[in-house]
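First comes the structure, then the notes that go with it.
The values are calculated or read from the model by the stated rules, or taken from the named source; none is laboratory data. This one's a predicted model, so the numbers in the text were calculated from it and none came from an experiment. When we count neighbours, we look across all protein chains shown, and the Cβ atoms used for this are built from the backbone with ideal geometry, even at glycine. To get the accessible areas, we keep the full protein, side chains included, count just its heavy atoms, and leave off ligands, DNA and RNA. Shrake-Rupley method; radii C 1.70, N 1.55, O 1.52, S 1.80 Å.
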Amino acid sequence: MKIAVLLSAGRHPVSGRPAPVPVELQAIRLAVEIGRQFGGDVTGLHAGPELGPLTDALGHGLARLVHLHNEGESDPAPSLAAALAEGAYDLILAGRAGQGGEDSGLLPYTLARTLGLPIIADAAALALGEAPGTLGVEQALARGARRRLLVRLPALVTVHPAAPAPLPFAFAAARRGSSEARPGRHAPAPSPTVEERPYRPRPKLIAKAAAGSTALERLRAATEAASGGGRLLVDPAPEEAAREILAHLRALGLVTAR
Amino acid sequence: MTELAFLLSLTILAMLLLAGALAARRARLWRVGRAAKIDWAAGLLALPRRYLVDVHHIVGRDPYAARMHALAAGGLLGASALALLGVIPLLGGSRLFWWLTALAFAFAFAGGAMVGRRRLPVKPARLSGGRFQLLPFLLAAYTGGGFLVALDTALGGALYPLGWLGLACAVLGGLGLACQIERGPMRHAFAGAAHLVAHPRPGRFGGERATGLAPLDLDAPRLGAATIEDFAFNRLIGFDACIQCGRCEVACPAFAAGQPLNPKRLIQDLAASLQPGATNAAYAGSPYPNARPVAGIGGPGLPIVGAGAMIHPDTLWSCTTCRACVEECPMMIEHVDAILDLRRFQTLELGAVPARAAAPLMELRYADEPGGRALTSRTDFAAGLTLPLISAKGEAQVLLWLGEGAYDLRYGRTLRALITLLQKAKVDFAVLGEEERDCGDLARRLGDEATFQRLARANIETLSRYRFSRILTADPHALHALRNEYRDFGGAYEVVHHTAFLDELAAAGRLDLGALDAPRITYHDPCYLGRYNGEVDAPRRLLDRLGIERREMERSGKRSMCCGGGGGAPVSDIEGERRIPDIRMAQASATGAGIVAVACPQCSAMLEGVTGERPAVHDIAELVLMAVEKAGTTPARPAEALV
Ligand code: SF4
Ligand code: SF4
């Protein structure tokens, strides 16, 4: 079994210095542990101008690190897609979002579409499937809920911060490990004018309970922030759904009203 | 000379040969260790002084043991040497000579009796049993027997049958003693002498504290110690020198708290690992409290740490690096160095740090701060005070190193007090502000030498850009790193602790101190200030200027007990039965003091964490500020006048 872990050029949320992304280090741990059961090997892949402190991933249990070298601002997706297709990996793991870059979390979806692979988001744990060639994924849902899914490999899985903590760093392993540089594919960066700044957690949108509601309702409104503010549509027509989403985004001020 | 005396001399010769052969066999095992640079000539020349002055200074803390050892060891060596010299006809023919020999044997016998009285009928818990419990009997047999033979010879054979009995005892006891040289109690004699000659920290004998850790070569093929061969050979000699007196065990805070660490057992496990096919079965002292199960097998080439080896990792991570064991050890063994070497391998090679220690080490790697907090917010505690930045001034008389305590709300109060005092005394000082990184103490004690060295170099680089004559800090851990450990990386600074500095200011009359009418006070010495740096007087002098009655705790000064906050122990958080700060606080309460004065952010945090009825905890800086404010106030007007 061949496993790839995608590593992005992260930044420390406070110091702003280049740093590995914790959730990707957690992905390495899941990969290493599942690889040990399946007898697989794990490769880290990074596309970008330089590795920087990503070589530290070698100290967190990663055995091999491949650097797809791109000059400057370049879209990493084509390089990664090509390397992943060429490597014929059974399992591709990525963090649910990077940290300090665009951190949109869209790259795994782009890759899954390019490679024609199923994608499962937010794995907190991985296990062997009973049937050969399948993988059990424990998906982390909101408020601590979990869902078990079974997926036929190959597949792309993103990892959730609820996964086990990264393997502790071993300096000597990082020093001994080596990385292999390969030329990446140059592709213009999709949006060359992103502003880079240190990560900060976003404020939660707290829904307000109607005046005069019970204490329980107010508590629920304050704690169930993420679910607040929308309408629940069951099985709507696509046009109606799109309208509804746009209206919601407009209400949040994320789309300018036209 | 009688026939008997001649046979006694022969016995001693046989003992010597046997002991020599066994000692040589043991010493050959030391050769598996790494090479070390040793000044043999200087060591040999210094041996008598190191033994008679330095060792006896420690042994003498227990006057009974000191007398016992002087009689037993002095008597044994003296009597045996005399009896051996008896083969020289000129001496052996003299009755007076044999009287002298008998006297020496009598001294040794008295020493042996003291050994016995200490162990019998009930052996104190800190002493080992097993082969060690045999010692008084062997000593009694040999020295008592020798005495009879010498007396018989002195009297010209008048005690004939008794003399033969004596010889039989001497042969049994003497050869028995010689057999104890390889793995028994007598090993400390030759290994101890060799250890004094080849001691890894010779500075300790020259009046230095010599407590800084040796830097690790990060390019070495293997980092830290995994097997017994990874220790330098003079360290192996040190392990073999242990006499299992248990003084370290009594001093160890982790042992007292019921955590699975006993420094004596640790040294014994290391010494046992030297033997091919080693097991820990022969050890007969107190165990690791709440010992985690280990296989207890080892030997050269085999791992030392692990559930399948000799020492459980929890044992290693229980240590607070307080050096109390080192301070108490009469054989001058360096326990903390050994623990650190083992930790370095666990951390750097295996990444096997305790679960909760991984996160702070990671934050240190990418944010230079174990809590992952912004370096800019280090000065937040001083909101409202003017804190001059050295980057703005370029130079200052005194550079104030804030340390990790600055992020702690409680300790922020201490630092505010210190800064207020500096301002009142018109000291020209400045801070590094966001340019101050963690000093690396935590990383180093947790075995992460790579992070420590990176931080040390970065801090040295920063410091080199500014001009200042001294570094002032309230954190003894930072003080120790900056003063003693940065030197190896090219940073030599004069570093002064705030207690010494405030004492200087007070002595120079730059602080006007009023008398505090506080209750009695007791002072808790921080390990990294007292034991590591020998600074025990300045804080006491300063406290005495405040006009409060000061009482000493049961353990104080260089022999003080740790608060449990050092060595990364709070983040390693190994479970025990009690908490170390609770034990220490109980000692403080026992003095009847209403205030425990502290001088370290760790001590402050650990002791403030003690719950229940207890003395208040105040840093000395806070107390000094109170006294200054007391002096500054004009006497209050009577209440009526206000109406
Ligand atoms: S290590 Fe030192 S103090 Fe501890 S038992 Fe051995 S000789 Fe005594
Ligand atoms: S340094 Fe302190 S905690 Fe560690 S073994 Fe020695 S006495 Fe115990």
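Each of A:GLY98, A:ALA145, A:ALA125 was placed along the dipole of chain A (beta-carbon charges, centred on the mean Cα), and the one lying farthest toward the positive end is A:ALA145. Largest first, the residues B:MET626, B:MET561, B:MET114 sort by 1.4 Å accessible area into B:MET626, B:MET114, B:MET561.
Counting Cβ atoms of other protein chains within 10 Å of each residue's Cβ and taking the mean over peptide A:2-14 gives 2. An ellipsoid equivalent to chain A, defined through the eigenvalues of its Cα gyration tensor, has semi-axes of 34, 22, 20 Å when rounded to whole angstrom and sorted largest first. In this structure the amide hydrogen of B:CYS562, modeled in the peptide plane, comes within under 5 Å of no amide hydrogen from residues 5 or more places off or on another chain. Only Cα pairs under 8 Å and 6+ residues apart enter the sum, and on that basis the relative contact order of chain B stands at 12 percent. Largest first and in whole Å, the equivalent-ellipsoid semi-axes of region B:375-483 read 22, 16, 12, each the square root of five times a Cα gyration tensor eigenvalue.
About the centre of its Cα atoms, chain B shows a dipole size close to 1440 debye [charges on the beta carbon of Lys, Arg (+1) and Asp, Glu (-1) only; nearest 20 debye]. A Cβ-based charge dipole, computed about the Cα centre of the protein assembly as shown with Lys and Arg at +1 and Asp and Glu at -1, lands at about 1460 debye. Computed from backbone phi with θ = phi - 60° and the Karplus coefficients 6.51, -1.76 and 1.60, the 3J(HN,Hα) list for region B:22-38 is 5, 5, 5, 5, 5, 5, 4, 5, 4, 5, 5, x, 5, 5, 9, 7, 10 Hz; x is used for glycine and proline. Once C-alpha pairs closer than 8 Å and six or more residues apart are averaged by separation and normalised to the residue number of region B:96-227, the relative contact order reads 22 percent.
How many percent of DSSP beta bridges within region A:2-183 run antiparallel, rounded to 5? Antiparallel: roughly 35 percent of the beta bridges in region A:2-183. Cβ under 15 Å from A:GLN139's Cβ, A:GLN139 left aside: what net charge do those residues give with Lys, Arg +1 and Asp, Glu -1? Residues near A:GLN139 contribute +3 overall. The mean count of C-beta atoms from other chains within 10 Å of the C-beta of residues in B:338-349, rounded to a whole number, is 2.
Computed from Cα positions, the angle between helix B:95-119 and the longest principal axis of chain B comes to roughly 50 degrees.
Legend: mean number of C-beta atoms from other chains within 10 angstrom of residue C-beta atoms, peptide B:359-367, equals 6.
The angle between the Cα long axis of helix B:187-197 and the main principal axis of chain B comes to about 50°, on a 0 to 90 degree scale. Axis of helix B:358-367 versus longest Cα principal axis of chain B: the two differ by about 50°, to the nearest ten degrees.
Dividing the mean sequence gap of close Cα pairs (under 8 Å, 6+ apart) by how many residues region A:1-114 holds gives a relative contact order of 34 percent.
When chains A and B come together, the accessible area they lose, probed at 1.4 Å and totalled over both chains, is close to 1500 Å². If both residues of a DSSP beta bridge must be in the protein assembly as shown, then about 25% of such bridges are antiparallel. Protein heavy-atom accessible surface, 1.4 Å probe, per residue over region B:3-196: 49 Å². 3J(HN,Hα) along region B:585-593, derived from phi through the Karplus expression 6.51 cos²θ - 1.76 cosθ + 1.60 where θ = phi - 60°, amounts to 5, 4, 5, 5, 4, 5, 7, x, 7 Hz, with x in place of Gly and Pro.
Taking every Cα-Cα distance in region B:521-642 and sorting them into 5 Å bins from zero, the calculated P(r) comes out as 2, 11, 20, 22, 17, 11, 6, 5, 3, 2, 1, 0, 0 percent.
Rounded to the nearest whole angstrom, the semi-axes of the ellipsoid equivalent to the protein assembly as shown, taken from the Cα gyration tensor as √(5λ), stand at 62, 38, 24, largest first. A quarter of the convex hull surface defined by the alpha-carbon atoms of region A:1-117 gives 6.6 nm² as the mean projection.
When cysteine pairs in chain B are screened for C-beta atoms closer than 4.7 angstrom, the residues that find no partner are B:CYS169, B:CYS179, B:CYS242, B:CYS245, B:CYS252, B:CYS319, B:CYS329, B:CYS439. For B:VAL617, the residues 5 or more places off, or on other chains, whose built amide H falls under 5 Å of its own are B:VAL596.
Please give the net charge around B:GLY592, taking every other residue with its beta carbon less than 9 angstrom from that of B:GLY592, where Lys and Arg add +1 and Asp and Glu add -1. Net charge in that neighbourhood comes out at +2. The residues packed around B:PRO370, meaning those with a beta-carbon under 11 Å from its beta-carbon, carry a net charge of -4 if Lys and Arg are +1 and Asp and Glu are -1. Legend: distances between Cα atoms for B:LYS558/B:LYS630; B:LYS123/B:LYS558; B:LYS424/B:LYS558; B:LYS393/B:LYS424; pairs beyond 26 Å are B:LYS558/B:LYS630; B:LYS123/B:LYS558; B:LYS424/B:LYS558.
Ordering of B:106-112, B:471-477, B:19-25 by packing is B:471-477, B:106-112, B:19-25, highest average first (other Cβ atoms within 10 Å, averaged per residue).
Once backbone amide H atoms are built at 1.01 Å from N, A:LEU68 has A:HIS46, A:ALA47, A:GLY48, A:ARG182 as its partners under 5 Å, excluding neighbours fewer than 5 places away on the same chain. Rounded to the nearest 10 square angstrom, B:GLU494 shows an accessible area of 100 square angstrom against a 1.4 Å probe. Pair-distance distribution P(r) for region B:3-196, from all Cα-Cα distances in 5 Å bins starting at 0: 1, 8, 14, 18, 18, 16, 13, 8, 3, 1, 0, 0 percent.
Within the accessible area of chain B, what % is carbon and sulfur when the probe is 1.4 Å and the other protein chains stay in place? The nonpolar share, carbon plus sulfur, comes to 61 percent.
Summed over qualifying helices (DSSP H, 4 residues or more, each -39500 (n - 2.57)) and divided by its residue number, chain B shows a 222 nm mean residue ellipticity of -14000 deg cm²/dmol. Looking at region B:84-210, the pairs of alpha carbons with a distance over 20 Å make up 57% of the total.
Normalised by 2.2 N^0.38 Å, where N is the number of residues, the C-alpha radius of gyration of chain B stands at 1.11.
Using the Cα centre of chain B as origin and beta-carbon charges of +1 (Lys, Arg) and -1 (Asp, Glu), tell me which of B:VAL149, B:LEU138, B:ALA278 is placed farthest towards the positive end of the dipole. Positive-most Cα among the choices belongs to B:VAL149. With the highest mean first, a sort of the peptides A:129-137, A:236-244 on other beta-carbon atoms found within 10 angstrom per residue produces A:129-137, A:236-244. Using the Stokes-Einstein relation with a Kirkwood hydrodynamic radius computed over Cα pairs, the translational diffusion coefficient of region B:27-120 at 4 °C and a viscosity of 1.567 mPa s comes to 81 µm²/s. Pick out, from B:GLN180, B:HIS57, B:MET114, the residue whose Cα sits farthest towards the positive end of the charge dipole of region B:3-196, with +1 on the Cβ of Lys and Arg and -1 on the Cβ of Asp and Glu. It is B:HIS57.
A 1.4 Å probe over all protein chains sorts A:VAL14, A:VAL21, B:VAL571 by accessible area into A:VAL14, B:VAL571, A:VAL21, starting with the largest.
Of the peptides B:74-84, B:357-367, B:420-430, the order by per-residue mean of other Cβ atoms within 10 Å, starting with the highest, comes out as B:357-367, B:74-84, B:420-430.
Per residue, the solvent-accessible area of region A:2-183 (1.4 Å probe, heavy atoms of protein chains only, all protein chains present) comes to 42 Å².
Of the beta bridges DSSP finds with both residues in chain B, what % are antiparallel, to the nearest 5? Counting DSSP beta bridges with both partners in chain B, the antiparallel share is about 10 percent.
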